[in-house]
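A.B. asks: Mind having a look at this structure? Questions to follow.
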Amino acid sequence: MRIAILSDFHLGYERFREDALRQAGEALSAAADKADVLLIPGDIFDNREPSPDVLAEGINLFRDLSKREWHARVSEFRGEGRTFTDVPIVAIPGTHERRAEGIEDPVDLLGLAGLLVDTTNACAIVERGGERVAIRGLGGIAEDRFKEIMKREDPKPIEGMFNIFFFHQSIYEFLPFSQDFIKLDDLPDGFDLYVDGHIHGRIESSSHGKPLLIPGSTVLTQLKDGEQETKGFYVFDTLTKSYVFNEIGSRRFVLRRVSIEGKEPSEVTDDIESVVSAEAGKGGNPIVKIELVGKLKAGYKGIEINSPEIVKHNSGKAIVEIGKDKIEAGQASAQGGLGEKMADGVSIKDYGLGIFLEKVRNNGYDLKKSPIELFEDLSVGETKEKVVKRVMDDLLS
Ligand SMILES: [Mn+2]
């Protein structure tokens, strides 16, 4: 059977909302043309409580897919919940969609509508001809709960089938950032293929001697080095055990470092303009991120460089973003720490989580709740008052 692996659509992502929708649509449709099964390891939506408009985007995408002619079928469902379709589109919620256990998240809604098979703590068995593939899912969970939940769930491969384990977590080997992140060896043994979402750059690796594939997101979100590659999805063939990456048309992203060493702001502006004009218009309206590096001529701090003017002047030809946090001078260097310490591909959220965990530990707090879950609760997009009240109720009850 051919399994398409596509992830992290981030429907509703505010900055590039149209890109998110268009690129998810292209990936899903191309994947459905090429494969028997679609496997989506999380973050279909950018938000755990998407607006009705954004939910409608998701519903439209999946309704059209469900109506296609599928040769493979979900013949059996085991574990938590149930399925309302036999169309082999199998998904789990990611970190962006995660809500407290027992509360419906937006992927649950697509599952309830019969538009996909939600395999959070469950296994979908897909059948085509005489071949059977068992797909075991684990929805995105707080990193420090992974081991406990693995112990409780104890996912095991099923004999006589090709077994896939798919999940949505940070992995320490790729993001060496917090000791709470799972390691490749923590994954349950015995599966034939491992699939992870969450990480927005593409990764091909292995666990327990079997392939591990991370397709990356279908849309740009973090604008970091690793995102300059073309977006797309994998198709894995269970018979040949081989896979191919298929590119989709995604907005071009280039990151260029511009040295400002010893220069005056006007020279820097000229340098930026010439870098931008070399890229502008290539592949539509690309995102060109300029990272200014070094120290300006004595007496200048960096604020003299008129970023808004450059951005405005190039609008329509390129989406320009100018990063000043690597400038070594005055106020700008205060932000340097964040820029320096962040490994490429690490989101601000993961970075913040690292700081939060360190503080909690150093202060010896005894929380009733996992500190990562507490962090997640604190970072949901409601009003501050509501979030704090809910978290306090939770901690004190
Ligand atoms: Mn994501």
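A.B. asks: Identify, please: which residue in the range 249-263 is in contact with a Leu (Cβ under 9 Å, 6 or more places away or on another chain) and under 24 Å from THR218 (Cβ atoms) and is, among those, most open to solvent (accessible area, probe 1.4 Å)? Lay out the reasoning, then the answer.
C.D. replies: Taking the range 249-263 as the starting set, the residues that turn out to be in contact with a Leu (Cβ under 9 Å, 6 or more places away or on another chain) are 250-251, 253, 255, 257-263.
Retained after the next criterion (residues that are under 24 Å from THR218 (Cβ atoms)): 250-251, 253, 255.
Working: SER250: 32, ARG251: 58, PHE253: 7, LEU255: 15 Å².
Restricting to residues being in contact with a Leu (Cβ under 9 Å, 6 or more places away or on another chain) and under 24 Å from THR218 (Cβ atoms), the top hit is ARG251.
A.B. asks: Give me a count of the residues in the range 204-230 that are within 15 Å of ALA4 (Cα to Cα) and within 14 Å of the ligand (Cβ to nearest atom).
C.D. replies: Initially, the range 204-230 is screened for residues within 15 Å of ALA4 (Cα to Cα), giving 204, 211-218.
Right, trim to within 14 Å of the ligand (Cβ to nearest atom) and you get 214-218.
Total meeting the criteria: 5.
A.B. asks: Also: Which one of the conditions (1) out of contact with any Lys or Arg (no Cβ under 8 Å at 6 or more places or on another chain); (2) surrounded by 21 or more Cβ atoms within 10 Å (Cβ to Cβ); (3) in a helix (DSSP H, G or I) does ASP108 fail to meet, given that it meets all the rest?
C.D. replies: Of (1) out of contact with any Lys or Arg (no Cβ under 8 Å at 6 or more places or on another chain); (2) surrounded by 21 or more Cβ atoms within 10 Å (Cβ to Cβ); (3) in a helix (DSSP H, G or I), only one is false for ASP108: (2).
A.B. asks: Right, here's the next one. Would you confirm whether or not the range 40-47 contains a residue that is at pLDDT below 95 and in contact with a Pro (Cβ under 9 Å, 6 or more places away or on another chain)?
C.D. replies: yes
A.B. asks: Does SER7 meet the test of being hydroxyl-bearing (Ser, Thr, Tyr), outside the structural domain of ILE372 (by TED's automatic domain parsing), surrounded by fewer than 17 Cβ atoms within 10 Å (Cβ to Cβ) and in contact (Cβ under 8 Å) with a residue 24 or more places away in the chain?
C.D. replies: Values: hydroxyl-bearing (Ser, Thr, Tyr): yes; outside the structural domain of ILE372 (by TED's automatic domain parsing): yes; surrounded by fewer than 17 Cβ atoms within 10 Å (Cβ to Cβ): no; in contact (Cβ under 8 Å) with a residue 24 or more places away in the chain: yes.
It is false that SER7 is hydroxyl-bearing (Ser, Thr, Tyr), outside the structural domain of ILE372 (by TED's automatic domain parsing), surrounded by fewer than 17 Cβ atoms within 10 Å (Cβ to Cβ) and in contact (Cβ under 8 Å) with a residue 24 or more places away in the chain.
A.B. asks: Just name the residue that is farthest from the ligand (Cβ to nearest atom) out of those in the range 1-43 that are more than 20 Å from PHE245 (Cβ to Cβ) and in contact with a helix residue (DSSP H, G or I) (Cβ under 7 Å, 6 or more places away or on another chain).
C.D. replies: LEU21
A.B. asks: State all residues of the range 188-226 that are in contact with a Pro (Cβ under 9 Å, 6 or more places away or on another chain) and outside any strand (DSSP E or B); if no residue qualifies, say none.
C.D. replies: PRO188, ASP189, GLY190, PHE191, ASP192, GLY197, HIS198, ARG202, HIS208, PRO215
A.B. asks: Same structure again: Mind checking which pairs have a first residue in the range 196-213 that is farther than 19 Å from ILE92 by Cα and a second that is open to solvent by less than 30 Å² (accessible area, probe 1.4 Å) and of a type in the set (Lys, Arg), Cβ under 9 Å, 6 or more apart or different chains?
C.D. replies: Hits for this filter: zero, empty list.
The values are calculated or read from the model by the stated rules, or taken from the named source; none is laboratory data. Nothing here was measured: the structure is a model prediction, and the numbers come from that model. FYI the Cβ positions are ideal-geometry reconstructions off the backbone, even for glycines, and counts take in every protein chain you see. With ligands, DNA and RNA removed, areas are computed over all heavy atoms of the protein, side chains included. Shrake-Rupley method; radii C 1.70, N 1.55, O 1.52, S 1.80 Å.
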